[in-house]
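K.L.:
I am attaching a structure below and will ask some questions about it afterwards.
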Amino acid sequence: MSVEIPSDYSPVVQRLIAEGRFRNEEEVVAEGLRLIVLREELDTDIQAGLDDLDAGNRVEASQVYAEARRRIKAVEDRAGN
């Protein structure tokens, strides 16, 4: 598959590569796709949580925050931060 970077994003892509955050355009595109997948998963989880609340199910705030911290760390670990 071949992908062309839109001209308005090309400076951003080149900057990310110049900063050493990515080795090439393919890595930048792959990261973008990874973030889209994570966002979709988050949207699904948020909707499930809202559905639980609508059904009267409750979770302690400390559990919610602990899970949020765990998931943020997992994303950071995958990104190499």
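Readers should treat all values here as calculations from the given coordinates under stated rules, not as data from a laboratory. Keep in mind that this is a model prediction, so the values were computed, not measured. Please note: Cβ atoms are built from the backbone with ideal geometry, for glycine as well, and neighbour counts cover all protein chains shown.
K.L.:
Given the rule -39500 (n - 2.57) for each run of at least 4 DSSP H residues, summed and divided by the residues of the chain, what is its mean residue ellipticity at 222 nm, to the nearest 500 deg cm²/dmol?
P.N.:
The per-residue figure over the chain is -24500 deg cm²/dmol.
K.L.:
In addition: Cut-off 10 angstrom, C-alpha nodes, Gaussian network model of the chain. Which of GLN47, GLN14, GLN63 fluctuates the most?
P.N.:
GLN63
K.L.:
Dipole size in debye (nearest 20) for the chain around its Cα centre, Lys and Arg Cβ +1, Asp and Glu Cβ -1?
P.N.:
The dipole of the chain has a size of about 400 debye.
K.L.:
Under a no-solvent Debye model with one identical scatterer per Cα of the range 14-81, what's log10 I(q)/I(0) at q = 0.14, 0.16 Å⁻¹?
P.N.:
Values, matching the q order: -0.59, -0.70.
K.L.:
Compute the distance in nm between two label points, each set 7 Å from the Cα along the Cα-to-Cβ direction, one at ARG39 and one at ALA74.
P.N.:
Label-label distance for ARG39 and ALA74, simple model: 2.0 nm.
K.L.:
For the charge dipole of the chain, defined by +1 on Lys and Arg C-beta atoms and -1 on Asp and Glu C-beta atoms about the Cα centroid, which residue among ASN57, ALA30, ALA18 has the Cα displaced farthest towards the positive pole?
P.N.:
Positive-end residue among those listed: ALA18.
K.L.:
Suppose we flag trypsin sites (Lys or Arg not before Pro) only when DSSP calls them loop and at most 10 other Cβ atoms lie within 10 Å. Which is the longest uninterrupted stretch of the chain?
P.N.:
Value returned for the longest uninterrupted segment is 24-57.
K.L.:
Now, a different point. Relative to the longest principal axis of the chain, what angle (0 to 90°, nearest 10) does the C-alpha long axis of helix 61-79 take?
P.N.:
Computed tilt is about 20 degrees.
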